[in-house]
Amino acid sequence: MIELFGMGSPNVLKVRIMLEECGLPWRFTHVNVFGSGQFDPAFTALNPNAKVPVITDHDAANGQPYTLFESGAILLYLAEKTGKFLPKDLAGRFDTIKWLMLQMASVGPMLGQLNHFQRAAPPSAEYGLVRYRNEARRLYDLLDKRLGESEFIAGPDYSIADMAIFPWALYQPVHGFEAAERPNLGRWTALVGARPAVARAQGEYAEIQAVDRDFRAKASPADIDRFYNRVTPTSL
């Protein structure tokens, strides 16, 4: 049994997708990140970086529970554990890893920053909003170009690179971009979204996001400031 600690975020969704694709038994534990649940000592014992997702594999190879954080590392671990969605040949393997790293280094951080500046930054933060919107446009265009050359992100076969990028690609309309402007990205999003495992992974996702919205509505101003890291070091 694998326990997934998370909330309604793209980085958590991609792990949910991988767990469903691999057919592994798993359960979900919701972390109230808007109520500072990620800073609870019990959680930071699992991830000292105080972020979701985290998994604990209670059926690890050595017979002892194994805990892992960072969503890209989790995808690689599950691929190694099951022998699925990561090519065995060296070139195919690293084609997949390089696109996974692009998601970890660029797609996630840049689109995440755009989310922040759209939702939480003061009106005076126009520079940040413009910067991250331009970077989001560049990345969406990059993905569209790539998917005009390849059926899937890393090549001809579906892989953990697709699972990593898919949840972030869904943000296009949220960010104010027209999906029709990127037909290759739209083709791929529909293709991945039609997979039964992806549909199962998304099945409870809207409910989880609704719980997150409720948590956020009930959170104290201090908790919200802590979530957005708007506190001074002395008050951490």
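So in the stretch 164-196, with the set limited to residues that are surrounded by 12 or more Cβ atoms within 10 Å (Cβ to Cβ), aliphatic (A, V, I, L, M) and assigned to a helix (DSSP H, G or I), which one is modelled with the lowest pLDDT? Among them, the one singled out is Ala179. The listed residues are Ala136, Ala61, Ala73, and the only one of them that is surrounded by fewer than 17 Cβ atoms within 10 Å (Cβ to Cβ) and under 18 Å from Ser9 (Cβ atoms) turns out to be Ala73.
Look through the stretch 9-37, keep the residues that are among the β-branched types (Val, Ile, Thr) and crowded, with 18+ Cβ neighbours inside 10 Å, and return whichever of them is nearest to Leu76 (Cα to Cα).
Here is the first cut: in the stretch 9-37, the residues among the β-branched types (Val, Ile, Thr) are 12, 15, 17, 29, 31, 33.
Applying the additional criterion that residues be crowded, with 18+ Cβ neighbours inside 10 Å yields 12, 15, 17, 31, 33.
On the way: Val12: 14, Val15: 10, Ile17: 13, Val31: 23, Val33: 25 Å.
Filtering the stretch 9-37 for residues that are among the β-branched types (Val, Ile, Thr) and crowded, with 18+ Cβ neighbours inside 10 Å, the one nearest to Leu76 (Cα to Cα) comes out as Val15.
Among the hydrophobic types (A, V, I, L, M, F, W, C) and at pLDDT below 95, is that true of Ala121? Answer is yes for this residue. Each residue in the stretch 32-76 was checked for being touching a Phe, Trp or Tyr at 6+ places or on another chain (Cβ under 8 Å), farther than 24 Å from Ala105 by Cα and not hydroxyl-bearing (Ser, Thr, Tyr), and 7 pass.
Every residue, every condition in (1) assigned to a helix (DSSP H, G or I); (2) within 29 Å of Tyr77 (Cα to Cα); (3) aliphatic (A, V, I, L, M), yes or no:
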| site | (1), (2), (3) |
| --- | --- |
| Lys98 | yes, yes, no |
| Met104 | yes, yes, yes |
| Arg131 | yes, no, no |
| Leu143 | yes, yes, yes |
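Every test in (1) surrounded by 13 or more Cβ atoms within 10 Å (Cβ to Cβ); (2) assigned by TED's automatic domain parsing to the domain that holds Ile208 is passed by Met104 save one, and that test is (2). Hey, any hits in the stretch 218-225 for a residue that's in a loop (DSSP other than H, G, I, E, B) and surrounded by fewer than 18 Cβ atoms within 10 Å (Cβ to Cβ)? Yes - at least one qualifying residue is present in the stretch 218-225.
Of all residues in the stretch 111-129, those that are hydroxyl-bearing (Ser, Thr, Tyr) and either assigned to a loop (DSSP other than H, G, I, E, B) or under 25 Å from Gly92 (Cα atoms) (or both) total 1. With respect to being at pLDDT 95 or above, outside the structural domain of Ile224 (by TED's automatic domain parsing) and farther than 30 Å from His58 by Cα, Leu111 fits the description.
The values are calculated or read from the model by the stated rules, or taken from the named source; none is laboratory data. All values derive from a computational prediction rather than experimental measurement. With ideal geometry, Cβ positions are generated from the backbone for all residues, glycine too; neighbour counts draw on all protein chains shown.
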